[in-house]
1. What's the angle, to the nearest 10 degrees (0 to 90), between helix 35-48's Cα axis and the longest principal axis of the chain?
2. Mind checking the per residue accessible area of the chain for me, 1.4 Å probe, whole number of Å²?
3. Considering Cα pairs under 8 angstrom that are at least six residues apart, work out the relative contact order of the chain and quote it in whole percent.
4. Using a Förster distance of 22 angstrom, determine the FRET efficiency expected from the C-beta separation of Ile68 and Lys9, and round it to 0.05.
5. Determine the shape class of the chain: with a ≥ b ≥ c the square roots of the Cα gyration tensor eigenvalues, call it rounded for a/c under 1.5, and otherwise prolate if a/b is greater than b/c, oblate otherwise.
6. Relative to the first principal axis of the alpha-carbon coordinates of the chain, what is the inclination of helix 2-18, with its axis defined by its Cα atoms, in degrees from 0 to 90 and to the nearest 10?
7. Please give every one of the lysines within straight-line cross-link reach of Lys30, meaning a C-alpha to C-alpha distance under 20 Å, and leave out same-chain neighbours fewer than 8 residues apart.
Amino acid sequence: MDNLLANYKRILEVLQSISENTLLSYQRRKPKLSDIELISICLTAEYLGIDSENYLFRLLPKELKQKIER
C-alpha cells in the first residue's frame, strides 16, 4: 500500500511540473479530486498492473479514500 501512495505522489509531482492547469476551465461543481490527481491515480494503477477498479479502490490509502468518499 505504501508503494501505491509513493508512486502516486511521484507521478502527481511529475504531472504538476509539466502542466499548468489542475482543473478544467469551467465546472459547475467543485470536484473532490482535481483532474491531475485523478489522472495520477489512473497512471499509478496502470503502472502497478491493477486492472480492476474494485481492486484499486480496496488498495487506496486512507489519504486518497477520504478525498473520494462523501
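1. Around 20 degrees separate the two axes.
2. Details: 5720 Å² over 70 residues.
In whole numbers, the chain has 82 Å² accessible per residue.
3. Working: 39 pairs, mean separation 30.3, N = 70.
Relative CO of the chain lands at 43 percent.
4. Numbers: r = 16 Å, r/R0 = 0.74.
So the FRET efficiency works out to roughly 0.85.
5. Numbers: a/c = 2.00, a/b = 1.32, b/c = 1.51.
Note, shape of the chain comes out oblate.
6. The angle comes out near 30 degrees.
7. Those lysines meeting the cut-off are Lys65, Lys67.
The values are calculated or read from the model by the stated rules, or taken from the named source; none is laboratory data. Quick caveat: nothing in here was measured; it's all calculated off a predicted structure. Ideal geometry is used to build each Cβ from the backbone, glycine not excepted, and the neighbour counts take in all protein chains shown. Quick note on the areas: whole protein, heavy atoms, side chains included, nothing else; ligands and nucleic acids left out. Shrake-Rupley method; radii C 1.70, N 1.55, O 1.52, S 1.80 Å.
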